[in-house]
Each structure stands twice: as C-alpha cells, then as structure tokens.
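Asks: Please find one structure pasted underneath; my questions will follow.
The values are calculated or read from the model by the stated rules, or taken from the named source; none is laboratory data. Predicted, not measured: the structure shown is a model, and the values here were computed from it. So basically every Cβ, Gly included, is an ideal-geometry build from the backbone, and we count neighbours across all protein chains shown. Accessible surface is based on the protein model in full, side chains and every heavy atom, while ligands, DNA and RNA are left aside. Shrake-Rupley method; radii C 1.70, N 1.55, O 1.52, S 1.80 Å.
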Amino acid sequence: MELRQLKTFQVTASVASFTQAAVLLGYAQSSITAQIQALEKELGVALFDRVGRNVRLTDAGEKLLTYANRLLDLAAEAQVVVSENGRLEGSICIAAPETVCTYRLPAVLRHFRDSHPEIRLTFQPML
C-alpha cells in the first residue's frame, strides 16, 4: 500500500468518479483505475462499487477511507516536520563576562547567526 495509492483512493472517494479524480490529480484515467485495482488486489476486497461512470464506496472502502485520511494527514505532518531540516527557531539570551563578549563571542555569534538566521540572539555582559 503506497501513499500515492491512498491519495488516489481518497480523491476518487470524494468525487465518486475515476475520470474526475484523474482530472484533479493530473493522471490519465487508466492510472487511476490501475492504482485502485492494485490497492484492491493487495487488500483482497473491492473498495468501490462501479455504477456506470460513477463509483461509490463499499463497506470495506468506507473503513479504508478513515485510515487513508489519517495516514495521509500523518504523512503531511511528517513532511512539514522533516522539511524543516532540523532548523532551530526561537531566541537565545547569552550572558558572559565583558571580555568574552568583546573578544571571543563576536566570531562565534557571527558563525551561529549565519548557520541559524531564524534564531534571535541577544547577549549582555555580566557585571
């Protein structure tokens, strides 16, 4: 079971038409049919009742749709989290003795700022 197949299944279920799903997803209608048939073969059940050009979900299709929605939502959430590539966000306040602020921190802070531009840095000398 592939996410692509689940997305095809989800869209087909929402529009109740293989042809309409093909238009929405930018696939040939035969690709929609092939993906749904592969999914049905893998699961060993019919997911749609075919009625002319329209389709409707079977009981098994209704059950799968619940899981497909959840899986696709999780996949989208994972993509957002992972695509951030571990970027750090937020702010950091650094307190250090004045000599460290003057002589050692500028180069370190410059490198940090270049590596993590979304972090707001503030620092203050310790008295």
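Asks: Only one residue in Ala60, Ala78 is in a helix (DSSP H, G or I), over 23 Å from the mean Cα position of the chain (by Cα) and under 23 Å from Thr8 (Cα atoms), so which one is that? Walk me through how you get there before you give the answer.
Replies: On the way: Ala78 fails: over 23 Å from the mean Cα position of the chain (by Cα).
Only one candidate passes the filter, namely Ala60.
Asks: OK, next. With respect to Ser31, is the statement that it is touching a Lys or Arg at 6+ places or on another chain (Cβ under 7 Å) and of a type in the set (Gly, Ala, Ser) true? Let's see the steps before the verdict.
Replies: On the way: touching a Lys or Arg at 6+ places or on another chain (Cβ under 7 Å): no; of a type in the set (Gly, Ala, Ser): yes.
Criteria not met by Ser31.
Asks: Another question, then. Tell me which residues, restricted to segment 84-124, are among the small types (Gly, Ala, Ser) and either open to solvent by 70 Å² or more (accessible area, probe 1.4 Å) or at pLDDT 80 or above (or both). Talk me through it step by step, then tell me what you get.
Replies: Applying the first criterion (among the small types (Gly, Ala, Ser)) to segment 84-124 yields 86, 90-91, 95-96, 107, 115.
Ser91, the sole residue that qualifies.
Asks: Right, another one. Would you please name the residue that is least open to solvent (accessible area, probe 1.4 Å), looking only at residues in segment 3-33 that are closer than 14 Å to Leu65 by Cα and without any contact (Cβ under 8 Å) to a residue 12 or more places away in the chain?
Replies: By that ranking, first place goes to Val15.
Asks: On the given criteria, is Tyr67 loosely packed, with under 12 Cβ neighbours inside 10 Å and at pLDDT 85 or above? Break it down stepwise before answering.
Replies: Working: loosely packed, with under 12 Cβ neighbours inside 10 Å: yes; at pLDDT 85 or above: yes.
When the stated conditions are applied, Tyr67 passes them.
Asks: Shifting gears a bit: Take the residues in segment 49-61 that are hydrophobic (A, V, I, L, M, F, W, C) and out of contact with any helix residue (DSSP H, G or I) (no Cβ under 6 Å at 6 or more places or on another chain), then tell me which one is most open to solvent (accessible area, probe 1.4 Å).
Replies: Val51
Asks: Also, quick follow-up: Tell me, which residue of segment 15-41 that is aliphatic (A, V, I, L, M) and not in a helix (DSSP H, G or I) is farthest from Thr58 (Cα to Cα)? Show your work before the answer.
Replies: Quick first cut of segment 15-41, residues aliphatic (A, V, I, L, M) only: 15-16, 21-25, 28, 32, 34, 36, 38-39.
Of the ones still in play, those that are also not in a helix (DSSP H, G or I) are 16, 28.
Details: Ala16: 12, Ala28: 24 Å.
Per the criteria, the residue is Ala28.
Asks: Next question, about the same structure. Touching a helix residue (DSSP H, G or I) at 6+ places or on another chain (Cβ under 9 Å) and open to solvent by 50 Å² or more (accessible area, probe 1.4 Å): which single residue out of Leu74, Leu43, Leu39 fits that description?
Replies: Numbers: Leu74 fails: touching a helix residue (DSSP H, G or I) at 6+ places or on another chain (Cβ under 9 Å); Leu39 fails: open to solvent by 50 Å² or more (accessible area, probe 1.4 Å).
So the residue among Leu74, Leu43, Leu39 that is touching a helix residue (DSSP H, G or I) at 6+ places or on another chain (Cβ under 9 Å) and open to solvent by 50 Å² or more (accessible area, probe 1.4 Å) is Leu43.
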